[in-house]
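Peer 1: One structure follows; several queries about it will come next.
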Amino acid sequence: MARILMAGAPAYGLAMPSLPFVRALVDAGHGVDYVMGEAFRDRVEAAGATLVPFGPREAITRPAQLALQGRRLFRALNASIRRLARHYDAVVAGGLNPEIPDLQRELDRPVIFLSPVFFQNDRVIAHLARISTTLPVPARRLMASTAARRRLTAVLGPLVFGSRPPDILNLLRPMSSTLNISPATRHYQPFAEDFDDLPCYFAGPTTTASAPDPTFPLDRLRAHDGPVVYATLGTVFNRDLDYFRAIITAFADSDALVVVTTGRAESLPQLGELPGNVIARSFVPQTDVLREADLCFTHGGFGSTTDTVLAGVPAVFTPMGADQFFNAHRMEELGAGRVLGKADVTPSGVRRVADALLSGARPAGLATLKESFDQAPGPAGAVREIERVLA
């Protein structure tokens with residue numbers, strides 16, 4: 001049995017994808033301690049690991065929080081890794097951590113990178129910027145320009161990360177000389193062949209863990225004769241209530257049953273009076289809902305995107321920020337989903353794309369992408385790679 005120290009920033013999009021890997025390590029007989037924020041204690045312990053708390057008690061749910069707290073947070077995170085690493089056989093650093101190369105040089109332990117999204121290099125980011133037509137043009141140009149990214153990083157690096165990575169893109173490159181693990185498959189990863197000469201492993205995605213909710217009326221979804229439509233903006237970019245209102249209005253006089261999850265309890269009364277065919281909750285058991293859904297409207301977070309594919313549910317993506325533009329447009333490029341820009345999220349725009357997908361025009365590439373996900377080695381395969389490194 002190996003002792004593994006995992007460590008990552010307490011943000012949902014970074015912490016949640018790591019938990020299936022925690023469970024796989026524990027199921028394989030390894031001991032896992034996780035340097036993570038207190039807000040994730042229950043989830044970490046449910047996965048079988050022991051929490052080593054650090055940083056703020058609350059989860060990071062807004063980009064502004066990372067901008068304000070990032071320097072202190074990453075310094076505390078990496079100080080914990082440096083202090084504790086000697087007691088473990090390996091360190092698994094998840095999410096965004098600019099000091100992984102430094103940790104590799106300093107520690108006499110393998111340091112493994114667990115990426116939350118696609119691996120990046122100059123060719124991948126330039127391609128994703130080119131196809132992401134709903135991303136504002138200045139941002140597309142910035143992402144595609146190495147020189148521009150480096151100028152931005154010179155300013156943001158010390159402020160947000162407390163360090164000076166040469167290029168912000170480095171945070172998502174395969175940073176470990178030992179092992180880099182991705183939740184994508186080779187089919188989903190743009191230019192996967194670029195990473196063949198690096199120690200990279202495509203584990204593939206797993207369904208996002210969602211807590212069961214015995215109060216949610218799943219039987220109503222199962223018994224419904226018409227289509228079931230699910231709408232979510234995830235845990236962070238969910239303040240755009242006009243998005244939900246447009247979807248609710250689009251299906252108000254239809255035979256669809258609509259499930260809306262706002263991500264915030266305070267948002268529910270702001271939606272106003274709801275039609276009888278709408279179920280609105282702040283949180284829902286997403287895995288169970290997707291199992292019954294015929295169509296999903298979502299923002300395109302990595303986890304939400306892969307969840308729809310694993311469930312075989314056609315999805316319409318409206319990116320709101322972060323990596324969502326890349327995920328959404330990669331899905332459209334593969335013929336596995338549709339993108340509906342934010343400006344087009346109107347009742348008529350929503351109904352138009354929904355009618356096309358619900359009438360049988362299922363995205364042609366969805367089955368191929370789902371097959372690549374279903375056949376992926378998953379977290380158990382990643383654990384075998386870690387064991388090979390430690391052998």
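Peer 1: Tell me whether region 57-65 contains one or more residues that are buried (at least 16 other Cβ atoms within 10 Å of the Cβ) and among the acidic types (Asp, Glu).
Peer 2: For region 57-65, residues buried (at least 16 other Cβ atoms within 10 Å of the Cβ) and among the acidic types (Asp, Glu): absent.
Peer 1: Would you check if there is a residue in region 335-347 being closer than 24 Å to Arg291 by Cα, hydrophobic (A, V, I, L, M, F, W, C) and touching a Pro at 6+ places or on another chain (Cβ under 8 Å)?
Peer 2: Filtering region 335-347 down to residues closer than 24 Å to Arg291 by Cα leaves 335-340.
Pick out the ones that are also hydrophobic (A, V, I, L, M, F, W, C) and you get 336, 339-340.
Remaining after also requiring touching a Pro at 6+ places or on another chain (Cβ under 8 Å): 336, 339.
Yes: one or more hits.
Peer 1: Condition first: over 30 Å from Leu156 (Cβ atoms), assigned by TED's automatic domain parsing to the domain that holds Arg164, over 18 Å from the mean Cα position of the chain (by Cα) and part of a loop (DSSP other than H, G, I, E, B). Can you find one or more residues in region 3-25 that meet it?
Peer 2: Among the residues of region 3-25, not one is over 30 Å from Leu156 (Cβ atoms), assigned by TED's automatic domain parsing to the domain that holds Arg164, over 18 Å from the mean Cα position of the chain (by Cα) and part of a loop (DSSP other than H, G, I, E, B), which makes the answer no.
Peer 1: Another question, then. For region 245-291, name all the residues that are at pLDDT 90 or above and β-branched (Val, Ile, Thr).
Peer 2: Ile247, Ile248, Thr249, Val258, Val259, Val260, Thr261, Val278, Ile279, Val284, Thr287, Val289
Peer 1: How many of the residues in region 326-345 are farther than 19 Å from Ala184 by Cα, surrounded by fewer than 20 Cβ atoms within 10 Å (Cβ to Cβ) and not charged (D, E, K, R)?
Peer 2: Of the residues in that region, 2 qualify.
Peer 1: Looking at this structure, is Leu25 free of Cβ contacts under 8 Å to residues at least 60 places away in the same chain and either within 24 Å of Glu99 (Cβ to Cβ) or hydrophobic (A, V, I, L, M, F, W, C) (or both)?
Peer 2: no
Peer 1: Test of understanding: among Thr287, Thr261, Thr235, Thr206, which residue is closer than 30 Å to Val389 by Cα, out of contact with any Cys (no Cβ under 8 Å at 6 or more places or on another chain), in contact (Cβ under 8 Å) with a residue 24 or more places away in the chain and buried (at least 16 other Cβ atoms within 10 Å of the Cβ)? So that I can check it myself, show each step before the final result.
Peer 2: Values: Thr287 fails: closer than 30 Å to Val389 by Cα; Thr261 fails: closer than 30 Å to Val389 by Cα; Thr235 fails: closer than 30 Å to Val389 by Cα.
Among Thr287, Thr261, Thr235, Thr206, only Thr206 is closer than 30 Å to Val389 by Cα, out of contact with any Cys (no Cβ under 8 Å at 6 or more places or on another chain), in contact (Cβ under 8 Å) with a residue 24 or more places away in the chain and buried (at least 16 other Cβ atoms within 10 Å of the Cβ).
Peer 1: How many of the residues in region 205-226 are at pLDDT 95 or above and under 16 Å from Ala380 (Cα atoms)?
Peer 2: Of the residues in region 205-226, 0 are at pLDDT 95 or above and under 16 Å from Ala380 (Cα atoms).
Peer 1: Would you point out which residue out of Gly349, Gly341, Gly360, Gly365 is at positive phi and not aliphatic (A, V, I, L, M)? Give the derivation first.
Peer 2: Values: Gly349 fails: at positive phi; Gly341 fails: at positive phi; Gly365 fails: at positive phi.
Answer to the check: Gly360.
Peer 1: Would you point out which residue out of Ala64, Ala39 is free of Cβ contacts under 8 Å to residues at least 12 places away in the same chain and closer than 21 Å to Gly234 by Cβ? First the steps, then the outcome.
Peer 2: Working: Ala39 fails: free of Cβ contacts under 8 Å to residues at least 12 places away in the same chain.
So the residue among Ala64, Ala39 that is free of Cβ contacts under 8 Å to residues at least 12 places away in the same chain and closer than 21 Å to Gly234 by Cβ is Ala64.
Peer 1: Quick one: Thr146 ticks every box in (1) over 30 Å from Glu385 (Cβ atoms); (2) polar (S, T, N, Q); (3) buried (at least 20 other Cβ atoms within 10 Å of the Cβ) bar one, so which box is it?
Peer 2: Of (1) over 30 Å from Glu385 (Cβ atoms); (2) polar (S, T, N, Q); (3) buried (at least 20 other Cβ atoms within 10 Å of the Cβ), only one is false for Thr146: (3).
Peer 1: I'd like the residue in region 27-42 that is surrounded by 15 or more Cβ atoms within 10 Å (Cβ to Cβ) and assigned to a loop (DSSP other than H, G, I, E, B) and, out of all such residues, is nearest to the chain's Cα centre (by Cα).
Peer 2: Selected residue: Gly37.
Peer 1: Please state which of the following conditions Tyr243 fails to meet, knowing it meets all the rest: (1) buried (at least 19 other Cβ atoms within 10 Å of the Cβ); (2) in contact with a strand residue (DSSP E or B) (Cβ under 7 Å, 6 or more places away or on another chain).
Peer 2: (2)
Peer 1: Further, regarding this structure: Need the failing condition index for Pro212 against (1) surrounded by fewer than 19 Cβ atoms within 10 Å (Cβ to Cβ); (2) in the same structural domain as Ile248 (by TED's automatic domain parsing), just the number.
Peer 2: If we test Pro212 against (1) surrounded by fewer than 19 Cβ atoms within 10 Å (Cβ to Cβ); (2) in the same structural domain as Ile248 (by TED's automatic domain parsing), just (2) comes out false.
Peer 1: Every residue in region 104-138 that is touching a residue at least 24 places away in the same chain (Cβ under 8 Å), surrounded by fewer than 16 Cβ atoms within 10 Å (Cβ to Cβ) and either of a type in the set (A, V, I, L, M, F, W, C) or in contact with a His (Cβ under 9 Å, 6 or more places away or on another chain) (or both), please.
Peer 2: Answer for region 104-138, where residues must be touching a residue at least 24 places away in the same chain (Cβ under 8 Å), surrounded by fewer than 16 Cβ atoms within 10 Å (Cβ to Cβ) and either of a type in the set (A, V, I, L, M, F, W, C) or in contact with a His (Cβ under 9 Å, 6 or more places away or on another chain) (or both): just Thr133.
Peer 1: Does any residue of region 292-301 turn out to be more than 20 Å from the chain's Cα centre (by Cα), at pLDDT 95 or above, more than 23 Å from Leu114 (Cβ to Cβ) and among the acidic types (Asp, Glu)?
Peer 2: yes
The values are calculated or read from the model by the stated rules, or taken from the named source; none is laboratory data. All values derive from a computational prediction rather than experimental measurement. Positions of Cβ are backbone-derived with ideal geometry, glycine not excepted, and every protein chain shown enters the neighbour counts.
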